[in-house]
1. Of all residues in region 99-138, which are in a helix (DSSP H, G or I) and of a type in the set (Gly, Ala, Ser)?
2. Checking the conditions here, which among VAL448, VAL465 is touching an Asp or Glu at 6+ places or on another chain (Cβ under 9 Å), surrounded by 15 or more Cβ atoms within 10 Å (Cβ to Cβ) and outside any loop (DSSP other than H, G, I, E, B)?
3. Can you find a residue that is polar (S, T, N, Q), outside any strand (DSSP E or B), at pLDDT 95 or above and outside the structural domain of PHE227 (by TED's automatic domain parsing) anywhere in region 392-414?
4. Could you list, in sequence order, all residues of region 468-483 that are in a strand (DSSP E or B), surrounded by fewer than 16 Cβ atoms within 10 Å (Cβ to Cβ) and touching a strand residue (DSSP E or B) at 6+ places or on another chain (Cβ under 6 Å)?
5. So, GLU351, is that one within 18 Å of ASP238 (Cα to Cα) and either without any contact (Cβ under 8 Å) to a residue 24 or more places away in the chain or surrounded by 11 or more Cβ atoms within 10 Å (Cβ to Cβ) (or both) or not?
6. Of the conditions (1) out of contact with any helix residue (DSSP H, G or I) (no Cβ under 6 Å at 6 or more places or on another chain); (2) within 25 Å of VAL343 (Cβ to Cβ); (3) not aromatic (Phe, Trp, Tyr), LYS130 clears all except one; give me its number.
7. Those residues that are of a type in the set (S, T, N, Q), assigned to a helix (DSSP H, G or I) and surrounded by 21 or more Cβ atoms within 10 Å (Cβ to Cβ), I need them from region 154-202; list them, please.
8. Determine whether GLY151 is more than 24 Å from ARG489 (Cα to Cα), part of a loop (DSSP other than H, G, I, E, B) and out of contact with any Leu (no Cβ under 8 Å at 6 or more places or on another chain).
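The values are calculated or read from the model by the stated rules, or taken from the named source; none is laboratory data. Keep in mind it's a predicted model, so treat the numbers as computed, not measured. Quick reminder, even Gly has a Cβ in these numbers, built from the backbone with ideal geometry, and neighbours come from all protein chains shown.
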Amino acid sequence: MNGKAIALMIAGTATLLIQTGCKSREESAKQELQQSGYDLTPEALFRAAESDDVTVLGELLEHGVAVDTRNATGDTALHAAAVAGMKKSADFLLDRKLPVDVVGAEGRTPLMVAVLSGSPEMVRYLLSQKADPLLKDAAGNKALMLAVRAGRAEMVAELAPYDREKLDTALLVAALEGKAGVIDELTNYGASVYARMDDGRTPLMLAAENGQVEAVEMLIEIGANRFSMDDEGRIAADLAREAGHEQLAMRLAEAPGREEFGIEEPADLGAEMLAQVSEAAAEPAAGAPAEDGSAVPWNKPVAGQGGGAFGALPGAPATLEGVALEAPAAAAPAAPAAAGPLVMRAYRQKELPLRVESVQGEVATLRMSGGGVTQVAQGEAIPGTPLTIVRVERRVQDVKDAAGRTEVSVVEVEDSTSGRRRELVSGLESTAHDPVALVEDAGGRRYVAKAGQRFTGADGAEYVVIDVRPNQMVIENRTRAEVITVPLRGPRG
């Protein structure tokens, strides 16, 4: 046998040995996997991921199963781990370079499927791994909206801080679909019960129109006004009745009592807002620590403004000269971005159960919530209310949604109970007081704020409130000569 033949024989033998060795290792791997209850198949990758079995995951990848293998629906093993809440599996797969936002069935990421089927801990874990909560699935839904539509209230707390601009939209959807628990959670993080559709419908109106009794009860409990009107002058009861929900309409249609028409001062609402914010912030679900019982002062009185830069709270101890006390604010859960020196915790705007339609001479035409239209002359009391019309006029001014300045009807009313007066203007909601917010500074001090008032924050800066809106405040920092926007974050946002 010549040298060339010997070399060929040796090479062939080596190839056979390698093939035999590979087969032997593959058979050995199959046997080991079978002993663990698995096969050397792509399907086993998903089973292992769902079982948090990283040893089997490693064996499968080592013997040729691709980390980005997809099942029949198009999902990856990371989707399977996310659904099952298996963090060890997810961590293993991410370490093997499977993208955290890999898209699967219906255009959904692992974060999205965890929101729908997993646990808050898994959602929190994926967010910590830089999963993007603002991505949309094939139907255009972000993770927060998926949580809303699925009624996953426990997921809202994880996602709301990342998508604050859409909290009001989420609340409107939750009201329409009757997700009471979601409604409660959204408002804790900054969604406003004063949100409106383009046609003026509020969350309460949407819930009533769609017969969502539990959602209606929740919205009323957290401050929704059943006498608010849409652009056509309809209240929640009207919409419920038009949609055939007669029993719900009857529950909502109870005529407003005289107290519903009372003219109020912003400071009147301070104690109410403080109590609600403190209660929500202290709930265990928010992850807030227990309060230590110590007290911090509200804003001290400012010369010429009586009772404090934002007014003293009712029931403030007289011996403290207008300084009310409350426990320090509970710590909020970590948010994606650091909060500024001020946080808006709550908003109040009580809408009166009437609206100015027009004035003619000294007679005002008023639309009463659920009671049609009535005409009242200057100097007369509005029937069923403590309000007397003391002045009517027409004037030109800016009105929302109007192009430029327009002529409006103005009715000034006086509350016979308190002697307070207020202007009501056609084209605008009739409200019992100026918009008011509960603001918290970096030191945990809380202030009742309305437009035009000043205070000094814990950071030493001097602030002036320019405007208060349902979902944000516009404030001037005079110390730094800049205007800042402070969004509503809610008691736990």
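1. Listed by number, the residues that qualify are ALA105, GLY107, ALA114, SER117, SER128.
2. Only one candidate passes the filter, namely VAL465.
3. No, region 392-414 has no match at all.
4. VAL474, VAL483
5. Yes: the conditions hold for GLU351.
6. The one condition LYS130 does not meet is (2).
7. Once the filter is applied, which keeps residues that are of a type in the set (S, T, N, Q), assigned to a helix (DSSP H, G or I) and surrounded by 21 or more Cβ atoms within 10 Å (Cβ to Cβ), region 154-202 yields THR187, ASN188.
8. no
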